[in-house]
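Input: a single structure, listed below in structure tokens.
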Amino acid sequence: MLLPVAFTAAQISDKILKIDVEAYRTGEQMGIKVELANATAIDRIEFLYRSFGESEFRRIEMQLLGNIASGSIPANHLVPPFLEYYLTMYLRNGAPEETYPAENPREHPLKIDLQGAGVRSDDAIIVLSPEEKESVTPDDLVISFSLLNADSSVDRTNVKTYLDGADISSSAVISDNLVVVSPPGGLAGGRHTVRVELFDRAGNSTHSASWGFSLKGMDFTEPIQTPSGWLTTSSLQAETRNEDIAGSTAPYNRLSVSAGGTYNAFRINGLLHVTNEETDRRQPQNRFYIGGESPWLRLAYGDHYPVFQELIMTGRRVRGFNGNLTLGFFNLDVSAGDVLRRIESDTVNTFPTDSLAAEQSRDSLSAYGPYGQNRWARLRYGTFSRDLLIVRPIFGKREGAHFGFTYLKSKDDIGSVAYGRKPEENLVLGSDLSLPFDHRNVEITAQAAFSATNKDITEGTFSDERIDSLYADYNQSTRDNIRRVKDNFSRFITINENLVPLNFKNTPTLAYEGALALNYFNNYFKFTYLRHGNNFESFGQSFVRTDIVGFNIADRLRLVNNQLSLSAGLERLQDNTAETKPATTTSTTGSVSASWFSRTDFPNVTLAYLRAANSNDYSSTDSVLFASYLVDDRINRVLVQVGKEFLLGPRHNAMFSVSTSSRDDGRPRWAKDIAHTNFDTRNTTVALNDAITLSIPLELFFSVATSSTSFHLSQSTDTTVAYTTLYGSAQYKAVGNKLILNGSVSPTLGDIRRTLIDARAQYYFVPNLSLMGQLSLYFNKVGSNDVIWSLILRVDV
């Protein structure tokens, strides 16, 4: 289920229409979807987020399909009470990137509530068997869980258990805190989902948990009984869309076709997405995928987003082969294909041969090449095609106790374009360990990776003569050692003077992390230690923060029958791991949060405070150097959030929040003047929203949000941007739910003035055939008005 992010209406953007997130559940990843208004202007989009108590943002590159960008956040990064995030959009044609929100996103990001009222997935339900993502045989399958941690308000005579959505509670045997449920016979092999829901004595849902497992297929020596044969599904969606943004019209058409089939424990599925946005001047916009799987093997070819060891490969698009082998104690994951396709160099302008020296003097960063007789051309560099191979053998269970190894090799194809920047090559070796104990109440995890990157492989591996020439100032013994390294490792990566690391002092390309998590007595505690070398690099993971070392502590305590939740975090990180910077900067972040979930008429309340400080010990008698390298700032953030679901005529779900942040630049005034920077900022956002559900098929949503940001536009000029956004939307179902009407209006007042009107209508001719029309109008005070319309035909079989 997708839920709209709170306070999104308070943000202004001509490219972001809406952000939806999946409902938060403990132990499960969270999906994110961003609906884009001006999708044709965006080359790629990144989702930056940080867990509670952390100072730095992690990044994921979102998958772009049409006007929808999607991604997912790993479960271990979802730490209550909330997740902070913002978006970075990289635009085409070299335009500067934009963020959402546009003003001060790092100090005042958006938030996703991870502990809202209502049904919560928590440790009141302890899963015993089968474990999360465990693969079991039909003979060994038994569903069991413990209610040892459930408080006295839970009615143990009313425990609901669902298997793949079907209620199987009648088969449950409850003995004190132990619940054992016998699954129905004849269950097909493959993936299945268990969901458990608990209720209080008044019949109100209080806790829930869900987990998945795989059922191994029958022995292939036995005949396979298939009373119903193949079960197939397919869908087709055709869209035509027109965007008139800032006076520029961009029409485009898209077609998406997906199909799948299931035969007992075997599945096949495929996807084809084509669009007129496809061009040889961009990375692929069309998408295709076809795959098949059994309980022990999955093979696929096409565009996929594999997830391996987090430091090495997480969600990077690969076009090629993907496979997974599952054999109980031994598993194997493989992915191979292109991560970049070739984009040929482009001619910028031509000029006479005798003007070459002058052109190169004016622009030394461009490429130049002959262009016909007595003429040369200035060229825009092309992009080399880049392949990638990653292999990960795993001993143990993928999602349980295991020890894994990862090998990644990626290389640019030098001959793929005529003029390109320096071609590169990357080799990464890593391992990871997971040791859960006592039904995951104790969990030890660790990972490490070592990288080698060659920044220019144009000349290939250097020869012995080249070694003698480059290292003439070194003694013979050193040159012999370099030769031995070349002879031993050139089969794995190109060895020359552009290889990183050139030396192993302070292990600049080594990254490692280790964590211990404890979950007892309604208290979840986690300690993490990490070190990422300053030159660590993986072509499969572009967003690892490098040059840091330190620790993070997070603790969450639940009291008063889980109605009171207390959270605290402390993080301390330092840079300068290679000891090459003039000073070491220390970043310390402390955070506390208290949340009350009422089971009476009192509202739910969350209070949170964060303080972050960044400083170094740099000193110099040179005032210019001192002003350039000195770091001394402090950030304070406060959040107050009050929410309540109540009946006042119809049912209301209302929330009020106040969020403030301030950043104080502690450098002396004279140092700010010399550096021409001042990082003092202030931001306050106040928001109120209410979702209303009526007895008739009508849903309403209203919100009002005001935001004020003060910052220094220049050293002598203070600037404040303040605006208020009103938002109202309605959804009505008519003609026996065949017609769904949606409409919204959102005026923005203050320093930013704009009104958005959006209308949608979707009609179901039959349950699996629908047509949707959408019209979005932007009335801007400054600049031209914008219009977006689209028609979408969808067929599901």
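Kindly indicate whether Y512 is surrounded by 15 or more Cβ atoms within 10 Å (Cβ to Cβ), under 30 Å from F551 (Cα atoms) and not basic (K, R).
Values: surrounded by 15 or more Cβ atoms within 10 Å (Cβ to Cβ): yes; under 30 Å from F551 (Cα atoms): yes; not basic (K, R): yes.
Here the answer is yes, as Y512 does meet what is asked.
Keeping to the stretch 524-542, report how many residues are among the aliphatic types (A, V, I, L, M) and modelled with pLDDT under 90.
First pass over the stretch 524-542, keeping only residues among the aliphatic types (A, V, I, L, M): 530.
Next cut, modelled with pLDDT under 90 only: none.
Of the residues in that region, 0 qualify.
This table checks each residue for (1) under 28 Å from the mean Cα position of the chain (by Cα); (2) open to solvent by less than 50 Å² (accessible area, probe 1.4 Å); (3) within 30 Å of P393 (Cα to Cα); (4) free of Cβ contacts under 8 Å to residues at least 40 places away in the same chain.
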| position | (1), (2), (3), (4) |
| --- | --- |
| E243 | yes, yes, no, no |
| V257 | yes, no, no, yes |
| G260 | yes, yes, yes, yes |
| R267 | yes, no, yes, no |
| R281 | yes, no, no, no |
| L299 | yes, no, yes, yes |
| G302 | yes, yes, yes, yes |
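Once the stretch 411-427 is narrowed to residues that are at pLDDT below 95 and hydrophobic (A, V, I, L, M, F, W, C), the residue that is least open to solvent (accessible area, probe 1.4 Å) is V417.
Just to be sure I understand, how many residues within the stretch 777-790 are touching a Lys or Arg at 6+ places or on another chain (Cβ under 9 Å) and either among the polar types (S, T, N, Q) or open to solvent by 30 Å² or more (accessible area, probe 1.4 Å) (or both)?
Going through the stretch 777-790, the residues touching a Lys or Arg at 6+ places or on another chain (Cβ under 9 Å) turn out to be 778-782, 788-790.
Checking which are either among the polar types (S, T, N, Q) or open to solvent by 30 Å² or more (accessible area, probe 1.4 Å) (or both) leaves us with 779-782, 789-790.
Final tally of qualifying residues: 6.
Scan the stretch 436-463 residue by residue and report those that are at pLDDT 90 or above and touching a Gly at 6+ places or on another chain (Cβ under 9 Å). Once the filter is applied, which keeps residues that are at pLDDT 90 or above and touching a Gly at 6+ places or on another chain (Cβ under 9 Å), the stretch 436-463 yields P436, I444, T445, A446, Q447, A448, A449, F450, S451.
Scanning the stretch 25-60 for residues that are at pLDDT below 75 and over 28 Å from I788 (Cβ atoms) yields R25, T26, G27, E28, G53. Being modelled with pLDDT of 90 or more, open to solvent by 20 Å² or more (accessible area, probe 1.4 Å) and farther than 30 Å from L128 by Cβ is a condition met by at least one residue of the stretch 390-405.
Tallying residues that are within 24 Å of K422 (Cα to Cα), out of contact with any helix residue (DSSP H, G or I) (no Cβ under 9 Å at 6 or more places or on another chain) and among the β-branched types (V, I, T) within the stretch 495-541 yields 2. The set of residues in the stretch 39-50 being open to solvent by 10 Å² or more (accessible area, probe 1.4 Å) and among the hydrophobic types (A, V, I, L, M, F, W, C) consists of A41 alone.
Based on what the data block shows, is V638 assigned to a strand (DSSP E or B), on the phi < 0 side of the Ramachandran plot, out of contact with any Lys or Arg (no Cβ under 6 Å at 6 or more places or on another chain) and among the aliphatic types (A, V, I, L, M)? Lay out the reasoning, then the answer.
Numbers: assigned to a strand (DSSP E or B): yes; on the phi < 0 side of the Ramachandran plot: yes; out of contact with any Lys or Arg (no Cβ under 6 Å at 6 or more places or on another chain): yes; among the aliphatic types (A, V, I, L, M): yes.
For V638, the condition - assigned to a strand (DSSP E or B), on the phi < 0 side of the Ramachandran plot, out of contact with any Lys or Arg (no Cβ under 6 Å at 6 or more places or on another chain) and among the aliphatic types (A, V, I, L, M) - is met.
Taking every residue in the stretch 170-193 that is at pLDDT below 80 and charged (D, E, K, R) and pairing it with any residue that is open to solvent by less than 50 Å² (accessible area, probe 1.4 Å) and assigned to a strand (DSSP E or B), at least 6 positions away or on another chain, the pairs with Cβ-Cβ distances below 7 Å are R191/G212; R191/S214.
Just need a number here: residues in the stretch 51-76 that are farther than 30 Å from D280 by Cα and open to solvent by 10 Å² or more (accessible area, probe 1.4 Å).
Initially, the stretch 51-76 is screened for residues farther than 30 Å from D280 by Cα, giving 51-58, 73-76.
Going one step further and asking which of them are open to solvent by 10 Å² or more (accessible area, probe 1.4 Å), we end up with 52, 54-58, 74-76.
Of the residues in that region, 9 qualify.
It is to be established whether one or more residues within the stretch 454-471 are part of a strand (DSSP E or B), buried (at least 18 other Cβ atoms within 10 Å of the Cβ) and out of contact with any Pro (no Cβ under 6 Å at 6 or more places or on another chain). Yes, the stretch 454-471 has at least one match. Counting only strands (runs of 3 or more DSSP E) that sit wholly inside the stretch 345-444, those with at least 1 residues that are of a type in the set (D, E) are 346-352, 386-396, 402-412, 425-437.
Within the stretch 380-399, the set of residues being of a type outside the set (F, W, Y), under 30 Å from E359 (Cβ atoms) and in contact with a Gly (Cβ under 6 Å, 6 or more places away or on another chain) comprises just one member, G382. Scanning the stretch 428-446 for residues that are closer than 24 Å to L332 by Cβ, open to solvent by less than 30 Å² (accessible area, probe 1.4 Å) and among the polar types (S, T, N, Q) gives a single hit, S434. When every residue of the stretch 471-480 is checked against the conditions, at least one turns out to be at pLDDT below 90, farther than 30 Å from I125 by Cβ and in contact with a helix residue (DSSP H, G or I) (Cβ under 7 Å, 6 or more places away or on another chain). Note on the stretch 78-89: residues that are surrounded by fewer than 22 Cβ atoms within 10 Å (Cβ to Cβ) and at pLDDT below 85 total 2. Please verify whether the stretch 424-439 includes one or more residues that are at positive phi and in contact (Cβ under 8 Å) with a residue 12 or more places away in the chain. Within the stretch 424-439, one or more residues are at positive phi and in contact (Cβ under 8 Å) with a residue 12 or more places away in the chain.
Determine if the stretch 335-348 includes at least one residue that is among the hydroxyl-bearing types (S, T, Y) and surrounded by fewer than 17 Cβ atoms within 10 Å (Cβ to Cβ). Scanning the stretch 335-348, I find at least one residue that is among the hydroxyl-bearing types (S, T, Y) and surrounded by fewer than 17 Cβ atoms within 10 Å (Cβ to Cβ), so the answer is yes. The strands (runs of 3 or more DSSP E) found entirely in the stretch 543-626 include none that carry 2 or more residues being under 25 Å from the mean Cα position of the chain (by Cα) and at pLDDT below 85.
Restricting the search to strands (runs of 3 or more DSSP E) fully inside the stretch 693-797 and requiring at least 2 residues that are free of Cβ contacts under 8 Å to residues at least 24 places away in the same chain gives 698-714, 717-734, 739-750, 754-766, 769-780.
The values are calculated or read from the model by the stated rules, or taken from the named source; none is laboratory data. Note that the coordinates shown come from a computational prediction; the quantities given were computed from them, not determined experimentally. As a convention, Cβ positions derive from the backbone with ideal geometry for all residues, glycine included, and neighbour counts pool all protein chains shown. Accessible surface areas use protein heavy atoms only, side chains included; no ligands, DNA or RNA. Shrake-Rupley method; radii C 1.70, N 1.55, O 1.52, S 1.80 Å.
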